[in-house]
Amino acid sequence: MREIKASDVTRAVARLCQEVNLELGEDVLKALEQARRKEESPLGGWVLGQIVDNARISSEERLPLCQDCGTAVVMLELGQDAHVVGGDLYAAVEEGVRQGYGEGFLRKSMVKQPFSARVNTKDNTPAVIYTEIVSGDKLKITVMAKGGGAENMSRLFMLSPSQGRQGVMESVTRAVDEAGSNPCPPIIVGVGIGGTPEKAMLLAKRSLLRPVGEPNPDAEVAALERELLEKINGLGIGPQGLGGRVTALAVHVEVFPAHIASLPVGVNIQCHSARHKETVL
Amino acid sequence: MAAALRLRSPLDSKEIQGLKAGDQVLITGTLYTARDAAHKRIVEALDKGKVPPFELDGQTLYYMGPSPARPGQVIGSAGPTTSGRMDAYTPRLLAEGVKAIIGKGKRSQAVKDSIKKHGAVYLAAVGGAGALISKAIKKADVVAYEDLGAEAVRRLEVVDFPAIVINDARGGDLYEEGKAKYHRGN
């Protein structure tokens with residue numbers, strides 16, 4: 001049994017919270033540069049230029065990429081031969097979020113009793129934590145900073161199996177069309193097909209962790225991704241909704257088997273400020 | 001693309017009439033920040049017949065809640081938040097004299113009608129460009145609801161703050177016009 005110190009988990013989470021909010025991934029920057037070359041709308045091109053400049057200023061001046069530093073979504077893959085010592089694993093994660101958002105001058109956006117008092121917890125906790133037990137003796141920690149504007153545009157469709165592929169195409173496109181300018185396009189569209197309602201949403205969220213534009217290894221799913229991207233970019237919404245060719249940088253689809261009666265489709269929208277990073281302890 | 005128009009805030013009513021959906025502007029002057037929680041309190045105060053914590057007449061509102069400033073910085077990251085959440089309150093504030101609003105994302109029909117009725121304008125700044133936008137903010141002071149933290153009302157002094165006209169006083173809507181222009185039938 002390999003031992004992993006809870007204090008190391010805290011430090012890793014604190015560091016990741018700060019890094020994701022200050023440094024856009026190379027894959028995202030590359031996709032934005034490509035979008036800038038492709039965009040025909042002058043205003044859309046101007047928007048993409050501002051977004052690329054923003055990333056440079058953020059990294060140089062240690063200013064968060066976006067003032068909405070997000071809900072801290074923390075995904076853990078814990079090896080079954082690893083043993084966390086010196087404290088509770090989830091408490092260690094929460095402490096990491098607390099330290100990272102404090103030390104990093106990041107905005108704290110979590111409110112408790114969301115249906116009534118909505119009082120800020122002042123340290124951006126609690127994180128939203130998902131854990132998977134995997135083989136091995138390591139702990140992989142992924143931190144996503146997920147902004148409210150894009151999360152609010154996410155959707156779940158419980159389709160009838162008879163609606164099939166066409167139903168999936170229509171539902172995902174409708175979700176993006178109705179979201180319009182709200183989720184800060186150009187977006188990345190995360191889609192989860194199959195499982196149960198919450199499984200489909202989680203598949204959609206996990207698909208956003210793929211490098212931007214990397215296709216699903218299954219050829220049929222990859223074809224669906226390409227077709228969806230073309231349809232979505234034909235909507236005309238464009239960067240920030242001002243009109244243009246680039247509404248989405250990519251569509252990522254993950255698939256899981258479903259019940260004979262079900263065809264769940266989860267859509268989790270990611271704004272252009274796609275912030276996530278991982279580390280392995 | 002035409003060169004950006006330079007505007008002074010508070011905006012001149014006649015100048016607002018001349019703005020068109022799609023115009024790029026650079027704003028210099030005073031903005032007041034207010035987002036969800038502040039809107040709720042301002043409208044509650046108005047409903048009780050109380051005076052709002054700052055003069056609304058003629059002013060420009062910016063839907064924004066910044067990240068904390070590091071030592072030596074005026075403000076942290078400071079980009080716009082989604083405007084639609086303020087739709088329920090906006091017609092009331094326009095009736096109180098607010099002339100310009102900066103946010104991002106589409107507005108309800110009631111808000112668009114109200115913008116036209118009161119000769120106001122709705123502009124968007126680039127969402128997710130909060131580090132870049134913060135460079136246009138030269139001064140930031142909390143003027144009301146300090147307990148709301150990031151959601152407190154701040155008076156900002158800005159120079160060449162970049163924005164785009166979305167809904168103009170004549171009913172123009174860039175989100176609709178821009179989309180229609182680049183839409184491919186499918």
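Taking amide H as placed 1.01 Å from N in the peptide plane, B:V121 has its amide H under 5 Å from the amide H of B:A100, B:I101, each at least 5 places away in sequence or on another chain. Take each residue in B:143-149, count the other chain C-beta atoms within 10 Å of its C-beta, and the mean is 1. Sorting A:F115, B:F54 from the fewest to the most surrounding beta carbons within 10 angstrom yields A:F115, B:F54.
Over chain A, Cα pairs under 8 Å with separation of 6+ residues give a relative contact order of 26 percent.
3J(HN,Hα) couplings calculated from phi for the range A:124-130 with the Karplus curve 6.51 cos²θ - 1.76 cosθ + 1.60 (θ = phi - 60°) are, in sequence order, 6, 8, x, 6, 9, 10, 10 Hz; Gly and Pro show x. Evaluated on the range B:1-108, the Kirkwood hydrodynamic radius is 15.2 Å, with distances taken between all distinct Cα atoms. Backbone phi angles across the range B:28-42, fed through the Karplus curve with coefficients 6.51, -1.76 and 1.60 (θ = phi - 60°), yield HN-Hα couplings of 10, x, 9, 10, 10, 8, 7, 10, 2, 5, 5, 4, 4, 5, 4 Hz in residue order; Gly and Pro are listed as x. Contact order for chain B, expressed relative to its length and based on alpha carbon pairs under 8 Å spaced 6+ residues apart, stands at 29 percent.
Each 5 Å bin from 0 upward holds the following percent of the Cα-Cα pairs of the range A:81-177: 2, 9, 14, 15, 13, 12, 13, 11, 7, 2, 0. A cut-off of 5 Å between modelled amide H atoms, ignoring neighbours fewer than 5 places along the same chain, links B:L5 with B:Q24, B:V25, B:L26.
Calculate the dipole size of the protein assembly as shown relative to its Cα centre from +1 charges on Lys and Arg beta carbons and -1 charges on Asp and Glu beta carbons; express the result in debye to the nearest 20. Here the size comes out at about 980 debye. Which helices pass in chain A if a helix is a full DSSP H run, must span at least 27 angstrom along its long axis by Cα, and must have mean Kyte-Doolittle hydropathy not below 0.0? Once both thresholds are applied, nothing remains. Every pair of different Cα atoms in the range A:1-130 enters the Kirkwood calculation, which places the hydrodynamic radius at 16.7 Å.
Over all other residues within a Cβ to Cβ distance under 12 Å of A:A14, the charged ones net out to -3, with Lys and Arg as +1 and Asp and Glu as -1. Taking square-rooted eigenvalues a ≥ b ≥ c of the alpha carbon gyration tensor, is the range A:59-127 rounded, prolate or oblate, where a/c under 1.5 means rounded and, failing that, a/b exceeding b/c means prolate? Taking the square roots of the gyration eigenvalues as a ≥ b ≥ c, the range A:59-127 is oblate. No disulfide-compatible partner, judged by a Cβ distance under 4.7 Å, exists for the following cysteines of chain A: A:C17, A:C66, A:C69. Mind jotting down the distance between the C-alpha centroids of the range B:58-133 and the range A:1-62, whole Å? Taking the Cα centre of each part, the range A:1-62 and the range B:58-133 sit 25 Å apart. Net charge in the neighbourhood of A:V251 (other residues with Cβ under 12 Å of its Cβ; Lys, Arg +1, Asp, Glu -1) is -2.
The eigenvalues of the Cα gyration tensor, multiplied by 5 and square-rooted, give the range B:5-182 an equivalent ellipsoid with semi-axes of 23, 20, 14 Å from largest to smallest. The overall shape of the range A:149-274, judged from the alpha-carbon gyration tensor, is prolate: a/c is not under 1.5, and a/b is greater than b/c. Across the range B:106-120, computed HN-Hα scalar couplings (Karplus, 6.51 cos²θ - 1.76 cosθ + 1.60, θ = phi - 60°) run 5, 10, 6, 4, 4, 5, 4, 4, 5, 4, 5, 4, 9, x, 10 Hz from first to last residue, x flagging Gly and Pro. Among B:I137, B:I102, sorting on how many other beta-carbon atoms sit within 10 Å of each Cβ, with the fewest leading, yields B:I137, B:I102. Across every pair of non-identical alpha carbons in the protein assembly as shown, the mean reciprocal distance, once inverted, gives a Kirkwood radius of 22.8 Å. Counting only DSSP beta bridges with both residues in the range A:149-274, the antiparallel share comes to about 60 percent.
Dividing the summed helix terms, -39500 (n - 2.57) for each DSSP H run of n ≥ 4, by the number of residues in the protein assembly as shown produces a 222 nm estimate of -10500 deg cm²/dmol to the nearest 500.
From least to most packed, judged by other beta carbons within 10 angstrom and beginning with the fewest, A:S58, A:S160, B:S134 follow the order A:S160, A:S58, B:S134.
Read the figures in this text as sums done on the coordinates, not as results from a lab. Keep in mind it's a predicted model, so treat the numbers as computed, not measured. FYI the Cβ positions are ideal-geometry reconstructions off the backbone, even for glycines, and counts take in every protein chain you see.
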